[in-house]
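The values are calculated or read from the model by the stated rules, or taken from the named source; none is laboratory data. Just so it is clear, the structure is predicted and the values come from calculations on it, not from any experiment. Counting neighbours? That spans all protein chains shown, and the Cβs are built from the backbone with ideal geometry, glycine included. With ligands, DNA and RNA removed, areas are computed over all heavy atoms of the protein, side chains included. Shrake-Rupley method; radii C 1.70, N 1.55, O 1.52, S 1.80 Å.
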Amino acid sequence: LKDVSLTFMMRSPFMRTSRGSLVVLLFYSLVVFVSPDFAQGNNSGFVLPPDPGKAGKESLLGIDTDGDGVRDDIQRYIYFTYPDDKKLRLGLTYYAIEFQGVLKDANDREAAYDHANKMSRHGDCLWYLKGEEAIDICRALRAKILNTRERSMAYITYSDNLGGRIIRGAPQKEWKDSCAFDVDDTGGDQ
């Protein structure tokens, strides 16, 4: 039960009796914090980072407390939006990691082109996994990623730096190989 942590909290309100004596009442309560995975029956050791809230929107790259390359709010979005599709979650995670690079390197024309080519490969993987549905899935994720003016402006700069460049998708027969993970070993449908 490593996913469950126990915390004792103590509250101590003061109360005066009818004679004016001060009485301190102590209330003890048990608060149990359970990770989302544990609550959903997944006690595999995977623990989501906490929701960064407004603090997650204060910088271009946001907050990534576990250092996995994905903003915490995006990691949580992917997990809670697709809890039963491990392959899709992996595909979107790699897409989101590359998107962080897109934002970070938006002003660098050569880096933008490199990221665009990698994003294309991740897109091929998502097409392999979900077909035409991948368009809406990526569109929704992109909207979550570009959730501030600063991030949207960085994405526009990145797009501008791709002007005149050609990004080719892989042939359909290679889409499965575009996945940055072993699709056959991952489990789940496909």
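Taking the simple approach of a point 7 Å from Cα along Cα-to-Cβ for both LYS173 and THR186, what is their distance in nm?
2.3 nm
Checking the table LYS54/LYS176; LYS104/LYS173; LYS54/LYS130; LYS57/LYS173; LYS54/LYS104 against a 29 Å threshold on Cα-Cα, which pairs fail?
Table pairs above 29 Å Cα-Cα are LYS54/LYS176; LYS104/LYS173; LYS54/LYS130; LYS57/LYS173.
Considering only protein heavy atoms and a probe of 1.4 Å, how much of the accessible area of the stretch 140-190 is carbon and sulfur, as a whole percent?
45 percent
Modelling each spin label as a point 7 Å along the Cα-to-Cβ direction, I'd like the LEU60/GLU132 distance in nm, to one decimal.
Using points 7 Å along Cα→Cβ, the separation is 3.8 nm.
Could you report the stretch 81-190's accessible area per residue, 1.4 Å probe, as an integer in Å²?
Here the per-residue accessible area is 55 Å².
So which GluC sites (Glu not before Pro) in the stretch 73-157 are both in a DSSP loop and have at most 13 other Cβ atoms within 10 Å of their Cβ?
Passing both the DSSP loop test and the Cβ count: GLU132.
Using a simple spin-label model with points 7 Å from Cα along the Cα→Cβ vector, what separation in nm is obtained for ILE166 and ASN107?
3.1 nm
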